[in-house]
Amino acid sequence: MIFQFLRSLLVITGTIVGVTVGYAVATDYPNFLDVEDPALTLAALLGFIGYLLCSITGRELHLWLESQIEHTNSYELAWGAIGLLLGLISANLLFIPVYFIMYKGLGEIKFDNKYIASLVPLFNLIIPLTFNLLFAYMGVKIALRFRRYQSKVSADGSSLTAKVIDTSAIIDGRFSDLFRLGFLEGNILIPRFVVNELQFLADSNDDIRRNKGRKGLHCLNQIKADFPDHIVIVDQDFPDINEVDAKLVKLAAELNASMITQDYNLKKVAELDQIHVLNLNDLANALKPIFISGEDIEVKVMKKGKEPCQGVGFLSDGTMVVVEDGGDHVGETVMTTVSNILQTGAGRMIFCRIGDKK
């Protein structure tokens, strides 16, 4: 309702300025238009142009503000409101001498044309308004920058550690499910250079890379829309560093944040800098069902193993099962007995022997 009133005020102002300028031009230059009533015609024309321009500007500004508020988390909105207030206070304090000059008549400007002279009060209103808007904008930008980069413990000022996420984890998409289910807490920091890398992948000529980039951008947009208060786009960059992985490590170190990744090598590099790393593959392996020797499991033999007598199958969670005497049962579902379990860097492997064939 308030913004509708402001839009109406803007449109009325634009129309008045257009009509006034039309009459002023027609008065000073009566032969400007070769029509029966040039003053009325020019005033109507410029008034319509002013109305149209201000109407479009007001509408686009309204939509832009609504979009910014809708997709900005509440912490940034609060800091933005503080910056707006401080900017307005600073603007009016600095503008006091100008107010004194304007309202005491010391700086009054006079025009010979009565129509142009009638716009002076309007300009006396527009000039301080523009000055206030400029300082308000500066206040918001300064407050948001302070909020983003001065909070070293976490992005929201709480005791929860913020988490920087890399490209591989965004493309994988499983982190978003963990966040929705509450297994991840705190703010997720998305560096701007990671978003740029996803866009680069989405524009790639290679189908696989393009699909990965589009999947990552879709996942990012979805979780940003679902949790605007916890997804923070970080604009901080390191122009002297070319590799994205090196930028991630440096950013996480400066913000004292954890890192979410699926890249094994990036994990090891980050751990060298004493950065806590959450690897989604490690989590998936930790959540796989635990079997003990002698337990019976049912598995379908998919292919032959390295040894002629071996067969290889997989459980529903992707765990590899090596059936030691299953080489002759490829394509069959067999009941096996666990004989040994081997934990490797790539995951868990289960060794079995066939019990009763199903």
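A compact table of results
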quantity: Cut-off under 5 Å, modelled amide H: who pairs with Cys352 long-range; calculated: Val322, Val323, Glu324, Ser339
quantity: Neighbour-count order for Ser258, Ser316, Ser176, Ser55, fewest beta carbons within 10 angstrom listed first; calculated: Ser316, Ser55, Ser258, Ser176
quantity: Neighbour-count ranking [beta-carbon atoms within 10 angstrom, fewest first] of Cys309, Cys352, Cys219; calculated: Cys309, Cys219, Cys352
quantity: Proximal charge balance of Cys352 [Cβ under 11 Å; K/R count +1, D/E count -1]; calculated: -4
quantity: Cleavage-rule hits, GluC sites (Glu not before Pro), the stretch 258-308, DSSP coil, Cβ neighbours within 10 Å at most 16; calculated: Glu295
quantity: Fewest-first sequence of Leu287, Leu189 by Cβ atoms within 10 Å of each Cβ; calculated: Leu287, Leu189
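Read-outs throughout are calculated quantities, based only on the coordinates presented, and are distinct from any laboratory measurement. Just so it is clear, the model here is predicted, and its values are computed rather than measured. Reconstructed Cβ throughout: ideal geometry from the backbone, glycine too, with neighbour counts over all protein chains shown.
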